[in-house]
Every structure is written in C-alpha cells, then in structure tokens.
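In what follows, a structure is listed as structure tokens, so that the remarks can point back to it.
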Amino acid sequence: MIEMIRGFRGKIPSGEIVIDMHISGGAVYDFSCFGVDGDNKLSDDRYMIFYNQPESPDGEITYAPYHNGARFTVNLSRIPAKIAKLVFTASIDGNGSMSQITSHTLTLTPESGEAMTMELAGSDFRDERAIISVEIYRRDEWRVAAVASGFNGGLSELLKHYGGEEIQSLPQEPKPKPVELKKGQKVSLEKKSSAPLGEVLINLNWHRGSERKRLRSIFSHKEGAIDLDLGCLYELKDGRKGSVQALGGNFGNFESFPYISLDNDDRTGDVETGENLRVNGSQISQFRRILVYTFIYEGIANWQDADGVATVKCPGSPDIIVRLDEHNTSQIMCAIAMLENVNDETFSVEKVIKFFNSHSEMDNHYGWGLRWIQKRK
C-alpha cells in the first residue's frame, strides 16, 4: 500500500480503478467526481458524477454509496479524450467546516499494481467546507495528485475554480422537505429502487429558538449540570442483541458487527453538531430493529430546557425530525424512536417518546432481554 500525503504525485495504470472516499465525524457529506478539459474548465455536465447522477453517459464512471462515503469505479481506458482530468471532491451538506471531521480517507485501488491511500484529520483543515481530495490527470499516461485542499465557500466556490457557471445548467432536484413525526407516527426512509440504502445518520442535538446549538448555560459542567448521552439498542435477525452508547465504552463499529457506531461523547457542550449514531444501511438485511434513546448521565431531569431534537438522515430521503416534546417527568431516560427493517430494503422510523427510570426498565418495556450492570464513564 502506497501512502499518499498532500502534494504526492504518482503514476497509475490505465484500466479500471476504484476510489473509495470516507469521512467520519459531525456532519453529512457529499462526494462527487467531475471531468475537466485541457483548459481546466468543466468539460461536460454529464461527467459530473454524484448521488443524483450516479453514472456517466457510457458507464465510464459510476457512483455508489459505500459505508458512510462513496465508491467511484472508473474505466480510465474509456474516458473521452476531451477530458484531461478527473476531480474527486468532498463537501459538507449544511453548516460546519472540515476542521470538525474525525478523519477523511481515500483509497485508490487499480486493476493491477499497488493500492494507494490518503488519510487526513480535522487538524489538516481550517474553515473549508469543500475540498478537492485527489485529481487524476493525463500526462502521457494517467497520474494521480493528492491535492487535499479546499474552499471556504463550499462546493459552489470549488466549481467556480473550474468554470462553475456551466454547472448551473444541471437540473437540480429540490431537496425534500423535512418530515416531523407525531407520537406514534411511522414513516419509511425513501430510497431509489435501484440503489442500496445509504448511511443512516441519527443526530441528537439541543437548540433554543431557531438557533441549534449546545446549551452551554444549561449543560456546562458545574454543579447541577446535565450530561445528555445518545445511544441505541439493536437486535439482529440472527438473534444478536446489544447496545451502543458512551457509557461502558460501547462505541460500536460501522464496517463490522454491530454495523452501528457512535461518533463521540460530547460532555463539554463545545460540539455544536451534538452526538451522532451512524447505521450502515448496506447491511440492512442483518437488522431486525433499533431503538434510539437518550439519557441524562449527570444532573437533574430538565427535558423542557434541553428541548431536544433527533433528526434521522439518509441520502435521497427527507430528514425525519423527532422532537423530545413531552416534558412533565423527572425520569432520566427517553426512548426516542424505533427503526424497523422493511423487506430488507429500508427502515421505518416511529416516534415513541417514552420516559423511564433506567436502562433495565426501558429494556423490559420493549422486550430486549439484556443484562444491565451499573457503570461509570
């Protein structure tokens, strides 16, 4: 395996290559590839490949969701001569910057020869909202350049760098309006019939008014402070059950069992994106059900001041919003939503919002049958 660092350049064989791109930490990310001509301008809008346009005209480049990232398969020998360069990018869908990521990895695997990999962390960036990860270009033969730099203005600024006015002619599908569930209401995550279910991101956050943020004045670590944790119970079809939560250090694993991971444990109030559970939708056939919950690890039950909001996100589906809008309780645990397998194709999401005094009480109510012991973080 060849390790690429920023500025690396190397030759790659002409043939089929696979590029896997992955980002973990704090937001929803979009990945794209587009073709550039010899004047460093966008060559043809049909060669902008992303989740909404997953294939080039003759199948030279294809896109597919891959873990919490994307996989591009490129047949270099079939790329039209007018395309001098292929640019692979990652951008943030929404607010935030690349400095907040946990990691960004890119692996280039040729049909023959040695694979190449690049790994970056949030400390490698500042306020960038879109980055060029690598460029693949012709110079007598195909080569790769590890660019690993970006644009504070996001994807629109990045595209302007390559004559982005041409991209305005691309038909844009309107972003689906979020769906806010009422208690007991159940909806299914939408997906294209031919595409696998992508990553399911479950975000728990707190907001005041229209500004979403961590409530430092309420949740700062001092006497009477509140530490709110996100977690889930999972049940697979083969009978395996368990939990993913910071308490006990059960942060899970996205790529292998249990195919669910918890990004972080925000105990300081400094992470404006809150806490995130990620479910590997490519493993939908493994799951029976998932119960998403939160609990107060420290402090008094003050759900009304917290005004919590859970959001379920999945590529191609409207965001599903579940508000923690029942406040008349002193119980420390709240079951938020139940996700259930639908025909091994997608998850249904049901708003439950039910409060309990402990993990075991919640477990008994939903019939998970786990053994609970008291632990500290």
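The values are calculated or read from the model by the stated rules, or taken from the named source; none is laboratory data. What you see is a predicted model; the values in this text were computed from it and never measured. Backbone-built Cβ (ideal geometry, glycine too); neighbour counts: all protein chains shown.
Residues are listed down the side, and each one gets a yes or a no for (1) under 22 Å from Gly198 (Cβ atoms); (2) surrounded by fewer than 16 Cβ atoms within 10 Å (Cβ to Cβ); (3) among the aliphatic types (A, V, I, L, M):
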position	(1), (2), (3)
Arg71	yes, no, no
Met118	no, no, yes
Ser123	no, yes, no
Arg129	yes, no, no
Ile136	no, no, yes
If the requirement is being at pLDDT 95 or above, surrounded by fewer than 19 Cβ atoms within 10 Å (Cβ to Cβ) and farther than 24 Å from Ile101 by Cβ, which of these qualifies: Tyr297, Tyr293, Tyr366? Tyr366
List every residue pair whose Cβ atoms lie under 8 Å apart, where the two residues are 6 or more positions apart in sequence or sit on different chains, the first residue falls within segment 220-241 and is within 21 Å of Ala335 (Cα to Cα), and the second residue, located anywhere, is at pLDDT 65 or above and acidic (Asp, Glu). Ile226/Glu298; Asp227/Glu298; Asp229/Glu275; Leu230/Glu275; Leu233/Asp363; Lys241/Glu235
Determine which member of the set Val342, Val322, Val279 is β-branched (Val, Ile, Thr), surrounded by 22 or more Cβ atoms within 10 Å (Cβ to Cβ) and closer than 30 Å to Gln53 by Cβ. Val279
I'd like to check something: does segment 121-136 contain any residue that is among the aromatic types (Phe, Trp, Tyr) and over 19 Å from the mean Cα position of the chain (by Cα)? no
When the residues of segment 206-255 are filtered to those that are modelled with pLDDT of 50 or more, within 20 Å of the chain's Cα centre (by Cα) and in a loop (DSSP other than H, G, I, E, B), which remaining residue is surrounded by the fewest Cβ atoms within 10 Å (Cβ to Cβ)? Glu255
